[in-house]
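Presented below is the structure to which this report refers.
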There are 2 protein chains.
Amino acid sequence: MATKQKVSFAPSIRRLPQYLHVIRQAQSNGGEYVSGTLIANELNLEPIQVRKDLAITGIIGKPKRGYPANELIKAIEHFLGWDISHKAIVVGAGNLGSALMGYQEFKNNGLDIIAGFDADPSKIGSRIHGVPIHAIDKLDQVIPEIQPEIAILTVPSPFAQSNCDSIVRNGIKSIWNFTNIKLKVPDSVSVQREDLSSGYAMLSVMTQMATKNKAENS
Amino acid sequence: MATKQKVSFAPSIRRLPQYLHVIRQAQSNGGEYVSGTLIANELNLEPIQVRKDLAITGIIGKPKRGYPANELIKAIEHFLGWDISHKAIVVGAGNLGSALMGYQEFKNNGLDIIAGFDADPSKIGSRIHGVPIHAIDKLDQVIPEIQPEIAILTVPSPFAQSNCDSIVRNGIKSIWNFTNIKLKVPDSVSVQREDLSSGYAMLSVMTQMATKNKAENS
């Protein structure tokens, strides 16, 4: 039930951060009310789509005036759980892992990265963006001590599944997977995949088409 | 026409890097031939889906034997344009931009980042992962000199559209957008959006559900 709900709402959930951005911008320009039509125009969407998406947060707009900006922001943040703190660890403190540790936008929205893990001895015992780095073979020891809710997986692909197994074994239920491996996890664990290779594949195909069009038009 | 084609093939294109990964792994384990069924099992997909996706690269499998691994890898890489080099710039050399400059997997697949741009005076003139960093207000001067095909946009949101305008003005047709702004570009320019806020929204909602389930079951 929970899983089905998650899947059908997924596109709406994915759009909420964009709405939040537009609403905050409108508010900082002095807007006390924000209409679904304004948000829709700004993001090139249909107004009915925006109103349906916002309805999942439980807020209802006022005819002709729209939504009170302050309440709308709070409703979206509350629905997303961005108004409370979520303890997280980063497994793999390479370039991408380090970048995520320092990403202010996630911090502002409740992501509290309390530890990092890496195999590189020169990193172990140091801090990256203030986050202490532990040895990656200490996952089984450190996770039960600090009890994070979320694991962010940014290790090289060959180590993805074995580190995932440690994460799952120690009771973490949410994994943000930045590797290009499809992780095998029990049904009780959710994986959010962020596959940069997929995005790069789309970009490459787009770029080839653009080059072809340029050649044909010249 | 080109755009419609791109859209309808998008899910297939997005899966190709995962296939590539599975095929390379099978090959390194000594497999000369790889079957669609093996790939499908490894990635939890239907074999017919895998065969349809692979068909867009032009390769046809042999009944009972599958695909010759070497030819299949080459066909996917060629279709994606990963067998040739694409000159790119990174606009915004913060944590994420720096991480992308050092990402070996993209380098291996043809992404050649030749310059970075940032507003921070302490970075200008330096190199990050070997990539020279220029002042961000020199975009209009440097782009025509080095003629990149791709711009990777990793600036803070308030600067996204204005930097995008410089990129477009100087003839770049492919933009990889890591900001949470929906960029306004002419039809001739393609934007691939990589919205980490969307992923984080999904992760947060998943995490809340997991916490709720845990509480209900305990």
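The values are calculated or read from the model by the stated rules, or taken from the named source; none is laboratory data. Everything quoted here is computed from the prediction, not taken from an experiment. Cβ atoms come from the backbone with ideal geometry, glycine included; neighbour counts cover every protein chain shown. SASA here: full protein model, heavy atoms, side chains in, ligands and nucleic acids out. Shrake-Rupley method; radii C 1.70, N 1.55, O 1.52, S 1.80 Å.
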* Structure fact -> per DSSP, antiparallel bridges as share of beta bridges in chain B, % nearest 5, sits at 20
* How far is helix A:160-169 tilted off the main Cα axis of chain A, in degrees rounded to 10, range 0 to 90? -> 90
* Asked: Based on the Cα atoms of chain B, what semi-axes does the equivalent ellipsoid have, where each is the square root of 5 times one gyration tensor eigenvalue, given in whole Å with the largest first?
  -> 35, 25, 17
* To do: Post the alpha-carbon centroid distance, segment A:112-148 to segment B:61-77, in whole angstrom.
  => 42
* Structure fact -> Computed ³J(HN,Hα) along segment B:200-209: with the Karplus parameters 6.51/-1.76/1.60, θ = phi - 60°, integer Hz and x for glycine or proline, the list is 5, 4, 4, 4, 5, 5, 4, 5, 4, 5
* Nearest-first distances (nm) between copies at A:GLY30, label 7 Å from Cα via Cβ -> 7.6
* To do: Calculate how many DSSP beta bridges within the protein assembly as shown are antiparallel, expressed in % of all such bridges and rounded to the nearest 5.
  => 20
* Asked: In square angstrom, what is the accessible area per residue of the protein assembly as shown with a 1.4 angstrom probe?
  -> 48
* Asked: Expressed as a rounded percentage, what relative contact order does segment B:26-89 have, with Cα pairs under 8 Å and six or more residues apart?
  -> 33
* Mind checking which aspartates and glutamates have their Cα closer than 17 Å to the Cα of A:LYS138? Skip sequence neighbours fewer than 8 apart in that chain. => A:ASP118, A:ASP120, A:ASP165
* Pick from B:ALA40, B:ALA55, B:ALA201: which is most flexible by mean-square fluctuation in a GNM of chain B where alpha carbon atoms under 10 Å apart are linked? -> B:ALA201
* Amide H of B:LEU111: which non-local residues (sequence gap of 5 or more, or other chain) have their own amide H closer than 5 Å, using H built in the peptide plane? -> B:HIS86
* Can you give the relative contact order of chain B as a percent, counting alpha carbon pairs under 8 Å and 6+ residues apart? -> 12
* Amide H to amide H, which residues 5 or more places from B:ILE128 or on other chains are under 5 Å from it, using H placed in the peptide plane? -> B:ILE133
* Structure fact -> From DSSP H assignment alone, runs of 4+ in chain A each adding -39500 (n - 2.57), the sum over residues rounded to the nearest 500 puts [θ] at 222 nm at -15500 deg cm²/dmol
* Structure fact -> Taking the label point 7 Å from Cα along the Cα-Cβ vector, the copy-to-copy distances for B:PRO186, listed from shortest in nm with one decimal, are 5.7
* When averaged across all projection directions, what area in nm² does the alpha-carbon convex hull of the protein assembly as shown cover? -> 23.4
* Structure fact -> Rounded to a whole %, the carbon-and-sulfur portion of the accessible area of segment A:164-206 at a 1.4 Å probe is 44
* Total accessible area lost when B and A pair, probe 1.4 Å, Å² to nearest 100 -> 6000
* Structure fact -> Across B:THR57, B:THR154, B:THR207, the residue with the highest GNM fluctuation in chain B (Cα network, 10 Å cutoff) is B:THR207
* Asked: P(r) of segment A:2-80 in 10 Å steps, Cα pairs, percent per bin?
  -> 19, 58, 20, 3
* Count the lysine pairs in segment B:28-131 that are 8 or more places apart or on different chains: how many have C-alpha atoms under 22 angstrom apart? -> 9
* Whole-number Å³ per residue for the convex hull built on Cα positions in segment A:123-207 -> 121
* To do: Quantify, in whole percent, the carbon and sulfur part of the accessible surface of segment A:2-80 (1.4 Å probe; protein heavy atoms only).
  => 51
* Asked: Over segment A:86-198, what is the relative contact order in whole percent, taking alpha-carbon pairs under 8 Å and six or more residues apart?
  -> 25
* Under 5 Å between amide H atoms, partner at least 5 residues away or on a different chain: which partners does A:ILE152 have, H built in plane at 1.01 Å? -> A:ILE89, A:VAL90, A:VAL91, A:TRP176
* So which residue of B has the beta-carbon closest to the axis that swings B onto A, and how many whole Å away? -> B:ALA99, 2
* Quick one: Karplus J couplings for segment B:47-57, per residue in order, coefficients 6.51, -1.76, 1.60, θ = phi - 60°, nearest Hz, x for Gly and Pro? -> x, 5, 4, 4, 5, 4, 4, 5, 4, 5, 7
* Asked: To one decimal in nm, how far is A:ALA119 from the same spot in the other copies, if labels go 7 Å from Cα toward Cβ? Please give the shortest first.
  -> 3.9
* Sort out the exposed loop trypsin sites (Lys or Arg not before Pro) in chain B (DSSP loop, at most 15 other Cβ within 10 Å) and tell me the longest stretch that has none. => B:66-183
